[in-house]
Amino acid sequence: MKPLQKRYQYLQHFRKAIAQGKFPIGTIAYYGPDDKVVSKIVAAVLVDENTNPIIKKWSGDGIAQNPETASEIGKFFQEQQVANVVMTEGIIGCPHEEGIDYPIGESCPQCPFWEET
């Protein structure tokens, strides 16, 4: 499955969870320099439709296989009493943030793989 399709599928699952009204909703998204290596995980909790999400981030080599990271994500969701979790099927984008790591409107110079997707 192509990265754009993965992002679309993730959004479809997220919309379905919101439509079902099972809040709080937890989300997990994987990011990396390409579609093979996870270097960043972003977990978020949407308490309701009108509140900004609570976001936590983890990054580093081997982050997706790190049991401590998995435990921290689980604790984060437990603390927020998450009722439903939506997760990406794979890596959905570059781990660098537009406007922080590179200028808004430009492609990430460190992740040329994502420029073509």
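Observations
- Pairing each residue of segment 100-114 that is in a helix (DSSP H, G or I) with any residue that is hydroxyl-bearing (Ser, Thr, Tyr), provided the two are 6+ apart or on different chains, yields no C-beta distance under 7 Å.
- Scan of segment 20-55 for residues that are of a type in the set (D, E, K, R) and either over 21 Å from residue 71 (Cβ atoms) or surrounded by 22 or more Cβ atoms within 10 Å (Cβ to Cβ) (or both), ordered by number: 22, 34, 35, 36, 48, 49
- Just one of the listed residues (42, 85) is part of a strand (DSSP E or B), closer than 18 Å to residue 23 by Cβ and not charged (D, E, K, R), and it is 85.
- Among the residues of segment 35-69, those that are in contact with a Pro (Cβ under 9 Å, 6 or more places away or on another chain) and farther than 18 Å from residue 86 by Cα comprise 35, 39, 59.
- Residue check, residue 90 within 17 Å of the chain's Cα centre (by Cα) and either surrounded by 13 or more Cβ atoms within 10 Å (Cβ to Cβ) or not hydroxyl-bearing (Ser, Thr, Tyr) (or both): yes
- Test: residue in segment 56-67 that is in a loop (DSSP other than H, G, I, E, B) and under 15 Å from the mean Cα position of the chain (by Cα): yes
- Among the residues making up segment 21-42, those that are farther than 10 Å from residue 94 by Cα and among the aliphatic types (A, V, I, L, M) are 25, 28, 29, 37, 41, 42.
- Top-ranked residue in segment 56-77 [being touching a helix residue (DSSP H, G or I) at 6+ places or on another chain (Cβ under 7 Å) and either exposed (fewer than 12 other Cβ atoms within 10 Å of the Cβ) or touching a residue at least 24 places away in the same chain (Cβ under 8 Å) (or both); ranked as nearest to residue 26 (Cα to Cα)]: 69
Every number in this text was worked out from the coordinates using simple rules, so none of it is lab data. As the structure is a computational prediction, the values presented were derived from the model and not from experiment. Virtual Cβ from ideal backbone geometry, glycine too; neighbours counted across all protein chains shown.
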